[in-house]
Amino acid sequence: MMTTADGVVGSGPAPQPTGKVKAFLRLVMIEHSVFALPFAYIAALTAMFQVDRSVHWTELLLVTVAMVGLRTFAMACNRIIDREIDARNPRTAGRELVTGAVSVRSAWSGALVALVAFLGAAALLNPLCLALAPVAVVPMVVYPYGKRFTDFPHAILALAQAMGPVGAWIAVTGAWSWDAVILGLAVGVWIGGFDLIFACQDVRADRAHGVKSVPARFGIPAALHGARAAHVVTTALLVRYALATDAGVFFWAGLVIVTAAFLYEHTIVRPHDLSRLNRAFFTVNGFIGIALFVCALLDLLVRGLNV
């Protein structure tokens, strides 16, 4: 017999550290970094192209550490803060903090390690990155509480995600860039839009337990209309970013691919048929980020970026 850090009594051998690490990585869904990282890379590589047309691999590595560290911290905080809500929702009742696969103490430990990694990477990049790092942390902690006081927590998530490309650009140049802000807004509105879609599957549980969201307050059809509008705005912002950075033919080809993916996403999710929601959320949105990054990288290489 053994007792976990949460006081849950069970049987069997104590879990090995590697098992705890794997459980924590499942908790924070580390693989979902694919949603935000490609856009950070687009910003960083575009900034490098504008500075001296060369890839600075150390800076790119530090951007990766910072992005993954901050996202891991945010996801861990989200799971910790929402664990009681998750326990009341059948869809999320199997999450690691609910089942005890990860203790609250372990989750906080992992979150703090991730936060230290983020702050350390910011410090190694440049003084402005370090100065702005605490600002980036705030919405990551506020977002989980958003569903308790506003029907629009998706907007807080959008703000949090918008900071990624801005931070990546600052990491390279040490200076503010409105071009990066345009790309950041595109990313934020994009992720806020597909969060509207994702929240549709929890309407019944959210209404039963007083959890706030656009679908819970206004209904699934309204949320899906809002997601469509958000992705129209995303496309317009990406067009504006392409114009602002003098993007070439490959980037524009990437925008065509992204637009087609958005159209597909919104044809497979309907108000009375959410059976393909996971395909829209995970597969299509993962594809969007990777496809645009590949096209943006090809564009920069053709235009003279040295690797």
Checking the stretch 38-134 for trypsin sites (Lys or Arg not before Pro) in a loop per DSSP with at most 11 other beta-carbon atoms within 10 Å yields Arg91
For the chain, longest principal axis from Cα atoms; helix 285-302 axis from its Cα atoms; angle between them, nearest 10 degrees, is 20 degrees
With +1 at each Lys and Arg Cβ and -1 at each Asp and Glu Cβ, the charge dipole magnitude of the chain around its Cα centre, to the nearest 20 debye, comes out at 720 debye
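Less than 15 Å Cβ to Cβ from Thr234, Lys/Arg counted +1 and Asp/Glu -1: what total charge do the surrounding residues give?
Surrounding charge for Thr234 is 0.
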Other residues with Cβ under 12 Å from the Cβ of Phe49 give, with Lys and Arg +1 and Asp and Glu -1, a net charge of -2
Short to long, in 5 Å steps from zero, the percent of alpha-carbon pairs of the stretch 24-297 per bin is 1, 6, 12, 17, 18, 17, 13, 9, 4, 1, 0, 0
Net charge near Val141 (other residues with Cβ under 14 Å of its Cβ; Lys, Arg +1; Asp, Glu -1) is +3
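Every number in this text was worked out from the coordinates using simple rules, so none of it is lab data. The structure presented is a predicted model; accordingly, all values stated were derived computationally and were not measured. With ideal geometry, Cβ positions are generated from the backbone for all residues, glycine too; neighbour counts draw on all protein chains shown.
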